[in-house]
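To keep things clear, I will list the structure first and then write my remarks on it.
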């Protein structure tokens with residue numbers, strides 16, 4: 001389902017969320033966030049940035065110091081709405097005396113799922129996460145990967161409209177990670193909204209419709225990849241070797257004539273444009289000076305590039321320290337894709 | 001709503017079922033009850049299997065078979081096994097309920113469900129009582145049959161033990177739940193709860209001892225005051241007789257003795273009154289403190305009070321009364337003071353009366369208020385805590 005920008009379509013609409021823990025540790029500061037129905041939303045940030053705290057506030061596990069916002073149409077903190085929400089905690093611990101199947105049923109019963117539906121969903125979800133064979137074994141004997149698969153299944157036992165997955169691929173092997181990625185795509189196709197917390201930027205980039213980056217408790221970026229990289233498209237020309245001075249001069253002159261910026265790092269030439277005809281001029285100039293071109297392609301910043309850029313302190317030019325913001329400090333943030341708070 | 005509650009209870013049962021200690025404890029309960037069945041009573045004394053043990057004080061001449069078994073049930077079964085050893089096993093088994101609930105990875109999942117925190121905590125607390133509920137239910141049912149078959153009395157009133165023991169355990173477990181929530185540690189919750197239980201028990205023993213001492217001094221002061229009145233009256237009579245019979249040496253000696261005893265008693269009295277008043281004040285203070293704390297022993301004693309009436313115990317009490325008299329208060333042949341035995345009987349009667357006069361409302365009511373306070377604090381903490 002393609003997300004729309006209609007306000008009614010918002011599954012999560014946070015106007016202002018703040019959390020200060022004891023000892024005046026400011027974990028979240030004026031966070032504004034929107035998650036649309038039917039999208040896979042990725043929340044990233046360095047350790048201690050406040051990602052888990054934000055999710056826990058939405059799930060009533062942590063009490064906010066201040067919270068203006070709604071989730072699934074109800075005020076954040078309304079317990080009743082949680083029957084439509086699934087959650088995979090980062091370090092989920094099932095009771096050791098339960099089997100995999102019993103764990104799923106227990107979790108679903110706590111979400112008020114009727115008995116008959118529990119039985120049906122249990123079988124279907126165990127099948128879906130590849131755990132049918134282990135359904136009647138005690139959880140105590142499961143590997144970390146198996147527990148994680150079971151955790152993903154339990155998050156879906158109440159057939160939720162919104163699913164929070166905190167590090168869903170943690171402990172999974174490459175096959176398991178691929179399965180989770182497939183599952184996320186399937187969930188999106190089913191119209192469910194998925195909210196993922198993860199450190200694995202490549203995985204998020206592959207599946208997320210929209211992402212947000214938190215740093216030191218503040219939201220510094222939010223939007224679709226297209227929105228976040230708008231105006232940052234490049235054309236990258238890779239040469240067989242570093243260009244000779246004459247080739248360099250020719251390339252600069254061609255770029256100037258085309259009105260595009262040019263950046264050369266070793267044997268890679270980057271143009272501040274993604275249109276082929278402009279790049280063609282520069283490539284002709286390089287070739288006229290006998291430079292050998294290995295490849296030429298349009299590129300844009302990766303999620304990792306955006307992330308690394310987002311966690312740089314604009315004042316000092318250094319990476320923000322892990323953890324929450326120190327009391328009283330103020331960091332200017334720029335939100336691409338959506339209006340800055 | 002019921003789906004959630006049932007799920008939490010069923011999970012608690014599964015948790016108990018997975019613990020060997022639960023089944024060991026249940027097995028031991030059965031052994032304890034069966035051991036009752038091996039003991040019998042007849043007109044010659046006690047029996048063990050088919051062996052006769054000649055103890056005159058315990059025979060059907062003084063105590064009915066039914067009362068004998070009920071006495072064993074309440075003293076050995078309930079007081080010693082269920083509310084002491086089985087309670088310790090119960091605490092060991094259930095001290096982890098709240099720390100497990102609030103442990104990392106587990107609490108996140110349950111709090112993300114559509115169930116209120118207070119309801120979740122209280123439901124978990126009640127599941128913690130499941131261990132002792134099942135134990136006492138099995139124990140009482142088996143005892144019911146043993147008393148019926150061996151004692152010839154089918155006493156449904158025995159089942160009052162089930163709610164009373166659950167009530168008793170709930171006082172202690174409320175402390176355990178609060179400590180488990182604060183410390184998040186099963187071991188710390190267990191040890192601190194046992195410490196609390198021991199201290200609470202010590203307070204009860206202190207209060208009982210103070211009651212004995214206080215009552216003893218009250219009776220002694222009354223005895224001395226009565227003695228003084230009677231001696232004063234007797235001295236007046238003797239003085240009149242001495243005027244009429246000035247040569248009667250015996251009367252003269254009696255007058256001297258009475259005057260000496262009057263002097264002794266008069267000197268004794270302020271000290272005894274001082275001790276009485278001091279003990280009354282201390283006892284009052286201890287009682288005030290005790291009022292704030294759970295009355296575990298008294299709650300269990302209520303079971304005995306309801307199961308075994310004073311009339312049932314009369315045989316044994318009369319038997320005890322026939323024991324040889326101890327030394328008297330004074331060796332004076334004309335001494336009219338109460339004997340030590342009389343004082344002792346009076347003290348015993350008054351303590352018995354004072355204890356029985358303690359109302360159910362005071363015993364259970366104040367204990368339940370304590371329990372409610374513990375749970376209210378725990379709920380307040382649980383409701384406000386970030387996990």
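Remarks
- Residue A:84 satisfies every condition listed in (1) on the phi > 0 side of the Ramachandran plot; (2) in contact (Cβ under 8 Å) with a residue 60 or more places away in the chain; (3) surrounded by fewer than 22 Cβ atoms within 10 Å (Cβ to Cβ) except (1).
- Selection within segment A:88-107 - under 17 Å from residue A:56 (Cα atoms) and either within 7 Å of chain B (Cβ to nearest Cβ) or without any contact (Cβ under 8 Å) to a residue 60 or more places away in the chain (or both): A:89, A:91, A:92, A:93
- Filter result for residue A:110 (more than 14 Å from chain B (Cβ to nearest Cβ), surrounded by 16 or more Cβ atoms within 10 Å (Cβ to Cβ) and free of Cβ contacts under 8 Å to residues at least 40 places away in the same chain): no
- For segment A:46-81, a residue qualifies if it is over 22 Å from the mean Cα position of the chain (by Cα) and within 12 Å of another protein chain (Cβ to nearest Cβ), and the qualifying residues are A:63, A:64, A:65, A:74, A:77, A:78, A:79, A:80, A:81.
- Residue identified as out of contact with any strand residue (DSSP E or B) (no Cβ under 6 Å at 6 or more places or on another chain) and surrounded by 20 or more Cβ atoms within 10 Å (Cβ to Cβ) among A:45, A:73, A:69, A:100: A:100
- The helices (runs of 4 or more DSSP H) falling completely within segment B:49-115 that include 2 or more residues that are over 25 Å from the mean Cα position of the chain (by Cα) and within 14 Å of chain A (Cβ to nearest Cβ) map to B:97-101, B:107-111.
- Residue satisfying all of: in segment A:160-182; within 14 Å of chain B (Cβ to nearest Cβ) and part of a loop (DSSP other than H, G, I, E, B); surrounded by the most Cβ atoms within 10 Å (Cβ to Cβ) among these: A:160
- Residue count, segment B:7-45 (criterion: in a helix (DSSP H, G or I) and closer than 17 Å to residue A:95 by Cα): 12
- Residues that are touching a strand residue (DSSP E or B) at 6+ places or on another chain (Cβ under 9 Å), assigned to a loop (DSSP other than H, G, I, E, B) and at pLDDT 75 or above, drawn from segment A:291-325: A:291, A:292, A:300, A:301, A:311, A:313, A:318
- Among the residues of segment B:8-28, those that are under 16 Å from residue B:129 (Cβ atoms) and more than 14 Å from chain A (Cβ to nearest Cβ) comprise B:25, B:26.
- Selection status of residue B:281, within 15 Å of the chain's Cα centre (by Cα), outside the structural domain of residue B:119 (by TED's automatic domain parsing) and either within 24 Å of residue B:87 (Cβ to Cβ) or at pLDDT 90 or above (or both): no
- Among the residues here, residue A:43 does not qualify as more than 21 Å from residue B:384 (Cα to Cα) and within 14 Å of chain B (Cβ to nearest Cβ).
The values are calculated or read from the model by the stated rules, or taken from the named source; none is laboratory data. Small disclaimer: the values here were computed from a predicted structure and weren't measured. Note: ideal-geometry Cβ built from the backbone for every residue, glycine included; neighbour counts use all protein chains shown.
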